[in-house]
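The values are calculated or read from the model by the stated rules, or taken from the named source; none is laboratory data. Computed from a predicted model, the values in this text were never measured in an experiment. Virtual Cβ from ideal backbone geometry, glycine too; neighbours counted across all protein chains shown.
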Amino acid sequence: MAERTLLVSKINNGTVIDHIPPGKSFKVLSILSIDSRISYTVTIAVHVLSKKGGYKDIIKIEDRFLQRDELDRISMVAPGATISIIKDYEIVEKFTVKIPDEIVGIVNCPNQNCISNSREPIKSRFVVKSQKPILIQCFYCQRPLTDLEIITNI
């Protein structure tokens, strides 16, 4: 049997998000506000066989570097995703996203009675209770959120 090769062009400058759990790349694109109105090249590979075993998604974004809050959002949807910063076709930095100990202003509390959903100028605030599986808890109303609830409320 012939070996299959994935042919995806290298990017000159930008960001590669690798090891996204299969099917989660679309939520990552949403988090980054990437839609049909963009003016830069985005390559998306979905359900790609990983060398480590299993499947993954990959996103390559030409001429865009991510901000800290975007990386924190990605960590909530794709914990363990790898970020590579590319300059002049070379990887100049590579790291794995990490879920912060405290999540501020990223996830909305689904409890409509929570003070973070009132007219008060208060940002949502969650404390990470568990990384695997991910479980966070609202600082104000103590409502716990699982991974599926987190994705829904980002």
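Things worth noting here:
- Test: residue in the stretch 68-82 that is assigned by TED's automatic domain parsing to the domain that holds VAL28, over 30 Å from GLN142 (Cα atoms) and touching an Asp or Glu at 6+ places or on another chain (Cβ under 8 Å): yes
- With respect to the conditions (1) outside any strand (DSSP E or B); (2) within 21 Å of VAL42 (Cβ to Cβ), ASN108 falls short on a single one, namely (2).
- Sole residue being surrounded by 14 or more Cβ atoms within 10 Å (Cβ to Cβ), among the β-branched types (Val, Ile, Thr) and over 15 Å from the mean Cα position of the chain (by Cα), chosen from ILE134, ILE86, ILE74, ILE99: ILE86
- Residues located in the stretch 15-59, provided they are in contact with a Gly (Cβ under 8 Å, 6 or more places away or on another chain) and within 15 Å of PHE95 (Cα to Cα): HIS19
- Scanning the stretch 65-79 finds one or more residues that are aromatic (Phe, Trp, Tyr), modelled with pLDDT of 90 or more and outside any helix (DSSP H, G or I).
- Against the list (1) at pLDDT 95 or above; (2) outside the structural domain of GLN67 (by TED's automatic domain parsing), the condition SER118 fails is (1).
- Where PHE26 falls short, out of the listed (1) outside any loop (DSSP other than H, G, I, E, B); (2) surrounded by 19 or more Cβ atoms within 10 Å (Cβ to Cβ): (2)
- Single residue of the stretch 113-141 satisfying the filter (without any contact (Cβ under 8 Å) to a residue 24 or more places away in the chain and aliphatic (A, V, I, L, M)) that is nearest to PRO100 (Cα to Cα): LEU135
- As a summary of the residue check, THR43 satisfies the conditions (1) assigned to a strand (DSSP E or B); (2) farther than 16 Å from THR96 by Cβ; (3) touching a helix residue (DSSP H, G or I) at 6+ places or on another chain (Cβ under 6 Å) except for the one numbered (3).
- Among the residues of the stretch 31-46, none is identified as more than 20 Å from ILE85 (Cα to Cα), surrounded by 14 or more Cβ atoms within 10 Å (Cβ to Cβ) and either polar (S, T, N, Q) or modelled with pLDDT under 90 (or both).
- Residue within the stretch 62-73 that is free of Cβ contacts under 8 Å to residues at least 40 places away in the same chain and aromatic (Phe, Trp, Tyr) present: no
- Scanning the stretch 35-61 for residues being in contact (Cβ under 8 Å) with a residue 40 or more places away in the chain and within 13 Å of LYS10 (Cα to Cα) gives a total of 4.
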